[in-house]
Amino acid sequence: MSNANTHSETDDPSAMTSTTRRGARLLSRLGALLLVTAPCAAQEDLYLDSRRDPADTEGSSVELTLVELTKTTSQQTFEDGESLELGRERKLEATWVRKVVEVTAGRATSVTLTFSAWTLREGKREDTCLSGQTIAFRQTGDRFTWTAPDRVKLSSAAKGFLERRAERLSRPLVSAFLASEEKPLFAGTTWAVHALKAARALLPPRSEPDPKRSNVVVELASLKGSPPVAKLQAQAALQLSVLPGTTTRITEGGLWQSGLELTWQTDRPRGDAASKHVARFVGAGEGEQPDGRRYTTKTDVELSSTLKVEPVE
């Protein structure tokens with residue numbers, strides 16, 4: 001049977017508590033990494049048209065290489081005094097070729113992903129179920145769904161990864177962070193992005209921020225070259241009400257901080273953008289197990305990912 005899935009990823013955030021300063025230091029690493037020089041005088045009139053997204057080309061291919069590391073530590077304490085400490089590190093390394101199979105009205109409607117490598121390591125466990133596989137994606141309405149060959153057995157982690165790829169095909173990261181106003185964007189221009197729009201691109205599933213206590217600022221940090229290469233930098237401070245990916249209500253902290261860089265050649269589709277992302281979350285919450293035992297938990301999450309994109313001739 002085929003595997004298929006269908007998709008339906010302001011308070012002043014600078015007033016951080018001591019539990020979030022470590023996160024700020026983590027994000028400052030990205031800030032140092034993202035320093036760029038100002039456009040040269042000969043290119044001062046270059047601007048980015050946020051309405052323009054070059055058409056996809058049938059038969060075109062790009063190779064993508066992703067390295068993603070997530071570190072999670074948590075401490076769970078029950079009413080009877082029992083305490084559990086958990087630490088988890090997940091590292092995903094993947095390389096695949098994305099090929100446009102069909103195009104309708106300038107947009108890809110059928111795509112394949114062929115994985116030359118896909119390895120997820122967590123502790124002593126190693127998952128390689130997508131290595132060597134080709135997965136087909138097809139647009140249904142405004143969303144993509146994926147289908148794996150009948151013989152392929154996929155882990156839940158692999159299915160989750162394919163769900164995120166389908167989301168990226170439906171809504172490229174660049175589209176989520178570009179200014180919505182129809183005006184030219186010059187290097188140095190900054191704008192705000194709605195927290196819910198950014199959260200869908202940055203946060204784990206089932207994680208929704210409070211828009212009134214969140215802030216997302218984006219800058220067109222660089223636009224230069226021929227053809228022009230654009231570089232966006234986004235800083236997000238998203239106040240969550242539940243611990244990421246859970247239903248546990250947050251009682252302390254809960255600020256998700258992200259630093260994101262997107263780079264793409266503006267004569268190519270937005271979906272071809274490379275990215276760098278670092279994030280930090282610290283929060284505490286209260287919950288109840290199915291057996292009725294109540295507990296408090298403290299969670300610390302650090303995430304870093306790099307996605308490289310190269311055309312395939």
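Restricted to region 273-297, and to residues there that are among the charged types (D, E, K, R) and in contact with a helix residue (DSSP H, G or I) (Cβ under 9 Å, 6 or more places away or on another chain), the residue that is surrounded by the fewest Cβ atoms within 10 Å (Cβ to Cβ) is Lys276.
Just checking: which of the strands (runs of 3 or more DSSP E) contained wholly in region 173-248 hold 2 or more residues that are at pLDDT 90 or above, under 20 Å from Ala284 (Cα atoms) and out of contact with any Gly (no Cβ under 7 Å at 6 or more places or on another chain)? Quick ask: steps written out before the conclusion?
Details: elements: 190-192, 215-224, 229-239.
The qualifying strands (runs of 3 or more DSSP E) are 229-239.
Taking region 113-135 as the range and being in a strand (DSSP E or B) and buried (at least 17 other Cβ atoms within 10 Å of the Cβ) as the test, the residues that pass are Leu113, Phe115, Trp118, Leu120, Asp127, Ile135.
Per-residue answers, yes or no, for (1) crowded, with 20+ Cβ neighbours inside 10 Å; (2) within 27 Å of Leu243 (Cβ to Cβ):
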| residue | (1), (2) |
| --- | --- |
| Ser155 | no, yes |
| Leu162 | yes, yes |
| Glu181 | no, no |
| Pro184 | no, no |
| Ala192 | no, yes |
| Ala199 | yes, yes |
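Listed here are the residues, each with its yes/no results for (1) in contact with an Asp or Glu (Cβ under 6 Å, 6 or more places away or on another chain); (2) farther than 30 Å from Asp291 by Cα; (3) not β-branched (Val, Ile, Thr).
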| residue | (1), (2), (3) |
| --- | --- |
| Thr72 | no, no, no |
| Ser83 | no, no, yes |
| Gly106 | no, yes, yes |
| Cys129 | no, yes, yes |
| Thr140 | no, yes, no |
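Do we have any residue at all in region 78-97 that's of a type in the set (A, V, I, L, M) and over 21 Å from the mean Cα position of the chain (by Cα)?
yes
The values are calculated or read from the model by the stated rules, or taken from the named source; none is laboratory data. Quick caveat: nothing in here was measured; it's all calculated off a predicted structure. Positions of Cβ are generated from backbone atoms using ideal geometry, with glycine treated the same way; all protein chains shown enter the neighbour counts.
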